[in-house]
Amino acid sequence: LSAHILHAGDDNRGMEVDSTVYRVRYGNSYGWLNWEADFGSALSARTVASLGRVAQDREGTDFADLPEVRVDDENTTWILALRQDWRYRQSPRMMLKWGFDLRRSTADYDYDRTSFGYIPNFTDPTGPDMWPMHDSVAVDLSRSGYEAGAYVADRIQLTDDLTVEAGLRYDHQSLTGERQVSPRLSAAFSLTPRTTLRGAWGHYQQSHALHELWAADRDTTVYPAQKAEHRIVGLEHRFGNGYALRLEAYQRRLSDPLPEYRRIARNMGTLWEEQLDDRIFVQPERGRAEGLELFLKSPPDRRLVWSGSYALSRVEEEVEGRWVPRPFDQRHAVNLQVAFRPTPDWTIAAGWIYHSPWPYTEVEYHYAETIHGEPVAIHYAGVLNQARMIPYKRVDFRASRRLRLVRNDVLLYLDVFNVLNWENALEFEQYARWTGSGWVPKQELFPQLWIMPSLGARVTF
């Protein structure tokens, strides 16, 4: 029997270059009891009872030429859960598994937004070029629901080289009234004593969580769960000198994907949900993710250890009958890690990360004149995610020293993020500028964090 607590939170406040003032706080707190029990040599169980809290508190005023948006956004979700897993080893070659999980969630939303702006006047000759526009949204909502699931699976070693596991899972979500049955199958076959071929197939349900409602977009709908079919095949090989190699191919097919509200511009401003002139509603018909991954690592018991991986992948969705990349689709990704331990208490490590450019949606413009001849540019989204940003690349460094004290250990470490100070894209802004003789489209790239060192300590009791 063990008890655990975990809390993580962020508190960010400040002023942006356009005088936007904000305060944003996020917090996650969890507590759980874990009971592991053996009922003889063949039967065992694990029970986990937990209580969690997910909270968000945002407030601020977005300034441009005048106060444009005022926001006060608070939402809190409580999650009470119980899970139990059983295992029964019928024989050395057969093991039966079953269990259930129950989850009750309660979400409270208190969202208030007031926005100011102007819209062009194209029709009324007695009015100004730009009409004042005022809009407000208030969402005061409390919603509760539960999810229940149960599963059973049987793992059988058919031969000395072949192990197969077949299972079935049942899920129910009260808020949408859905019930799903999901079959799953996996197998492992030892081609040689050092080489194993693995495969898996199954259906999985991903429900719409209560803390993920789109309150800022006036949408508090709890959408039906999205359904995914997973297919995986992999080959693992352990070399005689301790090196390990893994090659894996995967495919994920989505039906009934969850709809999303997205910004056209890839802009990470603090009040990004409130940039309503940039937000669009995307409701894909289908989705797919597929790829090939290669992973190689050195023996773990040496003073110099390393690992490397390469992934070739694509993540797409079908929108209005056309397949387009997802916002974080990256065709190539490379990750290299190396660590040197001159003594048991010292470690010096570095890592290199690279991935292909993320996509973004290009803005298109309709140029017009107001009723009195004032030029205006009205922007709208082009085809989703057809353009690409710049590649992402970064080198990180870490040095750590372990102090072994009488009753505990202290780990001191220095981390340097992006040690070579490479530029990576965080925001990509698109706009049109009037030059006096015509409109000129502009694009501006805003970088992510530059080099950032940090010091830390971890105490183990």
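Label sites at residue 458 and residue 233, each approximated as a point 7 angstrom past Cα along Cα to Cβ, lie 3.8 nm apart.
Size descriptors for the chain (Cα atoms only): Rg and Dmax, in that order, 27.0, 89 Å. Here residue 393 is the anchor, and the aspartates and glutamates within straight C-alpha reach of less than 15 Å, apart from those fewer than 8 places off in the same chain, are 423. Please check which bits of the range 426-461 a label hung off residue 412 would reach, taking the label as a point 7 Å along Cα-to-C-beta and the cut-off as backbone N under 20 Å. Residues passing the 20 Å test: 453-461.
When the charge dipole of the range 109-268 is built from unit charges on Cβ atoms (+1 for Lys and Arg, -1 for Asp and Glu) and taken about the Cα centre, the candidate among 168, 192, 151 whose Cα reaches farthest toward its positive end is 192.
Here the spin labels are modelled as points 7 Å beyond Cα on the Cα-Cβ line, and at residue 241 and residue 44 they lie 3.7 nm apart.
The residue 320 and residue 369 beta-carbon pair, evaluated with R₀ = 30 Å, returns a calculated FRET efficiency of approximately 0.45. Solvent-accessible area per residue in the chain equals 58 Å², computed with a 1.4 angstrom probe and all protein chains kept. Of the heavy-atom accessible surface of the chain (probe 1.4 angstrom), what whole percent is carbon and sulfur? Heavy-atom surface of the chain belonging to carbon and sulfur, 1.4 Å probe: 56 percent. Counting only aspartates and glutamates at least 8 places from residue 297 when in the same chain, those with an alpha carbon closer than 13 Å to its own are 236. Taken about its Cα centre, the range 116-171 carries a charge dipole of roughly 160 debye when the Cβ of each Lys and Arg holds +1 and the Cβ of each Asp and Glu holds -1. Here residue 348 sits with roughly 70 square angstrom of accessible surface, probe radius 1.4 Å.
Each residue, residue 152 and residue 328, gets one label point 7 Å from its Cα in the Cβ direction; the gap between the two is 3.8 nm.
The HN-Hα couplings worked out from phi for the range 255-260 by the Karplus form 6.51 cos²θ - 1.76 cosθ + 1.60 (θ = phi - 60°) are 10, 6, x, 5, x, 9 Hz, whole numbers, x standing for Gly and Pro.
In percent, rounded to a whole number, the relative contact order of the range 123-173 is 32, using alpha-carbon pairs under 8 Å and six or more apart. Placing a label point 7 Å from the Cα of residue 29 along the Cα-to-Cβ direction, the residues of the range 127-167 with a backbone N closer than 20 Å are 143.
Work out, step by step, the length gained on full extension between residue 390 and residue 89: first 0.36 nm times the residue separation, then minus their alpha carbon distance; give nm to one decimal.
Gain on extension, residue 390 to residue 89, equals 103.1 nm.
For residue 161 and residue 444, the FRET efficiency from 1/(1 + (r/R0)^6), where r spans their Cβ atoms and R0 equals 51 Å, is about 0.30. Distances between every pair of Cα atoms in the range 92-192, grouped in 5 Å steps from 0 to the bin holding the largest one, split as 3, 9, 11, 9, 9, 7, 7, 7, 6, 6, 6, 5, 5, 4, 3, 2, 1, 0 percent. At the residue level, residue 133 shows approximately 70 square angstrom of accessible surface with a 1.4 angstrom probe and all protein chains present.
With θ taken as phi - 60° and the Karplus curve 6.51 cos²θ - 1.76 cosθ + 1.60 applied, the whole-hertz 3J(HN,Hα) list for the range 92-100 is x, 10, 9, 9, 9, 10, 7, x, 8 Hz, x standing for glycine and proline. Extension gain, residue 114 to residue 310, is 65.8 nm, computed as 0.36 nm per intervening residue step minus the present C-alpha separation.
When the convex hull of the C-alpha atoms of the range 257-396 is computed, what volume per residue in Å³ does it have?
168
Evaluating 6.51 cos²θ - 1.76 cosθ + 1.60 at θ = phi - 60° for every residue in the range 70-76, the Karplus couplings come out as 10, 10, 9, 10, 10, 8, 9 Hz, glycine and proline recorded as x. Taking a point 7 Å out from the Cα of residue 98 in the direction of its Cβ, none of the residues of the range 195-212 has a backbone N less than 20 Å from it.
The values are calculated or read from the model by the stated rules, or taken from the named source; none is laboratory data. In this text, all values refer to a predicted model and were calculated from it rather than measured experimentally. Cβ atoms come from the backbone with ideal geometry, glycine included; neighbour counts cover every protein chain shown. Only protein heavy atoms, including side chains, enter the accessible area calculation; ligands, DNA and RNA are left aside. Shrake-Rupley method; radii C 1.70, N 1.55, O 1.52, S 1.80 Å.
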